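First the structure, in the form of structure tokens, and then the observations on it.
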Amino acid sequence: MAGIEGGCLCGRVRYSADAEPAFVGVCHCTDCQKFGGSAFATMVGIPATALRLTGAVKTFSKPGDSGKLIHRRFCPECGSGIVEEADALPGMTMISVGTLDDRSWVRPASQIYCDSAQPWVRLGEDLRSYAKMPN
């Protein structure tokens with residue numbers, strides 16, 4: 001699966017990448033819930049060097065549970081969360097699945113921070129599930 005493309009709601013920020021995803025997963029941490037305004041975030045991890053981003057983004061950085069910073073990049077015009085970079089995962093960029101132009105291929109393989117999941121969320125039993133972040 002090469003040729004990832006997407007962008008924000010207003011179209012001012014666009015991205016592309018020619019890379020195979022390193023992972024596709026779901027995060028139930030409370031920060032992802034607050035940032036996305038939803039019950040969880042679904043992310044595609046790719047090598048940071050593969051991402052080509054056009055348009056201005058704003059960054060909000062905050063320590064995650066590891067104590068290391070997570071940098072959330074979003075469109076300053078429409079507020080769409082585009083990508084995240086965690087200092088705990090150097091060299092990796094996580095694309096917010098909702099911003100992909102084509103989401104038909106997305107199949108999460110794992111879910112993390114399940115101990116923070118909303119009690120009504122039940123995702124596929126075939127997903128590898130972790131209470132927190134796996135080592």
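The values are calculated or read from the model by the stated rules, or taken from the named source; none is laboratory data. The shown structure was predicted, so the numbers you read here are calculated from the model rather than taken from an experiment. Using ideal geometry, Cβ is built from the backbone for each residue, glycine included, and neighbour counts are taken over all protein chains shown.
Residues that are among the hydrophobic types (A, V, I, L, M, F, W, C) and within 13 Å of G3 (Cα to Cα) were ranked within segment 16-43; the one that is modelled with the highest pLDDT is A17. Only one entry in A56, A88 is touching a Lys or Arg at 6+ places or on another chain (Cβ under 7 Å) and in a loop (DSSP other than H, G, I, E, B), namely A88.
Considering each residue of segment 66-121, count those that are basic (K, R) and either modelled with pLDDT under 95 or within 16 Å of V24 (Cα to Cα) (or both), and give that number.
Summing the residues that are basic (K, R) and either modelled with pLDDT under 95 or within 16 Å of V24 (Cα to Cα) (or both) in segment 66-121 gives 3.
Could you tell me how many of the residues in segment 65-75 are surrounded by 19 or more Cβ atoms within 10 Å (Cβ to Cβ) and assigned to a loop (DSSP other than H, G, I, E, B)? Give the derivation first.
Of segment 65-75, the ones surrounded by 19 or more Cβ atoms within 10 Å (Cβ to Cβ) are 70, 72-75.
Still in the list and also assigned to a loop (DSSP other than H, G, I, E, B): 75.
Looking only at that region, the number is 1.
Scanning segment 107-135 for residues that are touching a Pro at 6+ places or on another chain (Cβ under 9 Å), among the aliphatic types (A, V, I, L, M) and over 18 Å from I70 (Cβ atoms) yields L123, L127.
Restricted to segment 91-115, and to residues that are of a type in the set (A, V, I, L, M, F, W, C) and assigned to a strand (DSSP E or B), which residue is surrounded by the most Cβ atoms within 10 Å (Cβ to Cβ)? Out of the qualifying residues, it is M94. Take C8 and tell me if it is at pLDDT below 95 and surrounded by 14 or more Cβ atoms within 10 Å (Cβ to Cβ). When the stated conditions are applied, C8 does not pass them. Candidates G81, G55, G64, G91: the one that is in contact with a Phe, Trp or Tyr (Cβ under 6 Å, 6 or more places away or on another chain) and among the small types (G, A, S) is G81.
Can we say W120 is within 16 Å of S38 (Cα to Cα), surrounded by fewer than 16 Cβ atoms within 10 Å (Cβ to Cβ) and not β-branched (V, I, T)?
The answer is yes for W120.
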